[in-house]
Every structure is written in C-alpha cells, then in structure tokens.
Amino acid sequence: MNRMTPHRQPYRRSLERACAALLLWSLFWPAMVLAAGPASPAEDWTPSHDGQWLHQRSTGLVWQRCLLGMRWNGRDCAGEPLWVDHQHASALARERSQLDGLPWRLPYLRELQQLTHVGTAMRPAVLPESTQGWVWTASIPIEVRAANPFNYGNVMNRVTGQSVTEMKFLHAWVVNTATGESRSDVLKRTPMYVRLVRKVDEP
C-alpha cells in the first residue's frame, strides 16, 4: 500500500489549498471584470474651460471642437464653417498655430478616422451635427503599381522591380466625420471642411 510519509502531508494540504484558491479566483475574476465594465466614453473626453476644444485621453490628442469658421456657444457650434482647398487649409492651420502659440495642424488620416468612432450617446456633445462632413487630412495618398521594366522612363530611372511606389501629391485623404468614410482620390484644389488637432503634451 502506497502511504504518504508524514513530512509530505503538510505540503500536500498547502498545495490543495492553493489550487482551491486559484480555482475560486478563476471563477470570480471574469464576473468582476464584467461588473466593472469598460470605461465610460464620457470619461475619455475633457472639454476646455470655454468649451472650444476637447482633450481625448485615450489618444493624447486635443481637438478643436468646431470646424474652422465656427465657435462653440455652450450648446452647439455656431457660425459658417470654412470651405477651402487643401493649400488654404494648411495655411489656416499655420495661422491659427501662430495666433494661439500652440502647434495646431491638420489631422492625419488615422487620427481623423478614430474621431468618427465616438459612441452614439457622446456624438452630439463631442461632434455636433453642425460640424460633420468631409474634412481635410494631412495624409497624402500612396499608390503602389506594377512597373514595366521596358518602359523608357523606368529604364532611365533604373526601375527594375515588379512594382513602384508613387506619392500622389495632387491629392490628399479626406474623411467624412458623419459616416467614417474616407477617400484618397480628392484633388487638393477641391474645397473641404477644416478641423485642427494637436498633441496634449505639446506647448
């Protein structure tokens, strides 16, 4: 008969208690997580004292609450939004940066796309309906196409690979903040809305 020696019995009891505690924790931990739930979308956004801009904690970005040409009146963005081409939009961002002494700029594609993912309950407060529409980004489209090694231009530029990458400098990405749709085929001379952004840790 296989009997456990006396000095091994306390070790076994300790191991059994540890396993039981681990089993209980594995049962209760999921319930605790579900009860806590995700952070409230409202907690991710902090408005400035005058309500003109919003700090998004999850990204570390500070967004102007209204499109350029509009101003927050305590309930909504009032005024007429500017409808300008990309060159003018970039110039307005530089002017605003100099005026405020803060590095305001056009948002990049991914930054503006995530802004459209605001929850439905928070959307009227963060993105009033009056500010939604097609907005310029600072992102330039990049196109990868097949390269013909026998093309005269490719021969002169010593392009020998199967593909070539081109930046489409005449175009820029735009995002519809109402739907989340994005497009890369918009010419920079096309008028669009302007929404500025900066990093929270920048002066």
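Note on Asp85 and Glu43: with the Förster distance fixed at 45 Å, the Cβ-Cβ geometry gives a FRET efficiency of about 0.75. Figure legend: label point modelled 7 angstrom from the Cα of Asp201 along Cα→Cβ; residues of region 96-118 with amide N under 19 Å from it are 102-105, 108, 111.
Coordinate-derived values only; no laboratory data. Since the model is a prediction, treat every value here as computed from it, not as a measurement. Neighbour counts run over all protein chains shown; Cβ positions are idealised from the backbone, glycine included.
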